[in-house]
Amino acid sequence: MPQPSTIDVRSYLPRATQTLILCGDCSGNENSPRYTLMTLNQTCERCGGRAFVLAAPIIHERNRAFRATQNNPNFEKERP
């Protein structure tokens, strides 16, 4: 009699990558974005949704703006 095949459950779970995303499905109507990771099949790790943007450009721009305000105390006064 053949042995019943064993199913490796880990092979069916989506594996997360190191890519940080902002998931619109997880955030819903909240004012603050919800950061999560992207899986190998390019979905949100938390909800499985596909409505997301990469977080790297957004974080880079936020950090650039923060550094600009720290290096220039008159930053707010110079803005049009």
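Pop the C-beta distance of Ala51 and Arg15 into the FRET formula with R0 = 22 Å and round what comes out to the nearest 0.05. Mind dumping the intermediate values first?
Working: r = 20 Å, r/R0 = 0.93.
Efficiency at R0 = 22 Å is approximately 0.60.
List the residues, sorted by chain then number, that are 5 or more residues from Phe52 or on another chain and whose placed amide H is less than 5 Å from its amide H.
Gly24
For segment 16-78, what does the relative contact order come out to in percent, with C-alpha contacts under 8 Å and a separation of six or more?
On the way: 81 pairs, mean separation 18.8, N = 63.
Rounded, it is 30 percent for segment 16-78.
Rounded to the nearest 0.05, what FRET efficiency do Leu37 and Glu61 have when you use their Cβ-Cβ distance and R0 = 35 Å?
So the FRET efficiency works out to roughly 0.95.
Determine ³J(HN,Hα), in whole Hz, for all residues of segment 59-68 in sequence, where each value follows from phi through the Karplus function 6.51 cos²θ - 1.76 cosθ + 1.60 and θ = phi - 60°; x replaces Gly and Pro.
5, 4, 5, 5, 5, 5, 5, 5, 5, 5
Rule-based calculations on the coordinates, nothing more; no lab input. Treat the numbers as computed from the prediction; the structure is a model and nothing was measured. Every residue, glycine among them, receives a Cβ derived from its backbone with ideal geometry; neighbour counts consider all protein chains shown.
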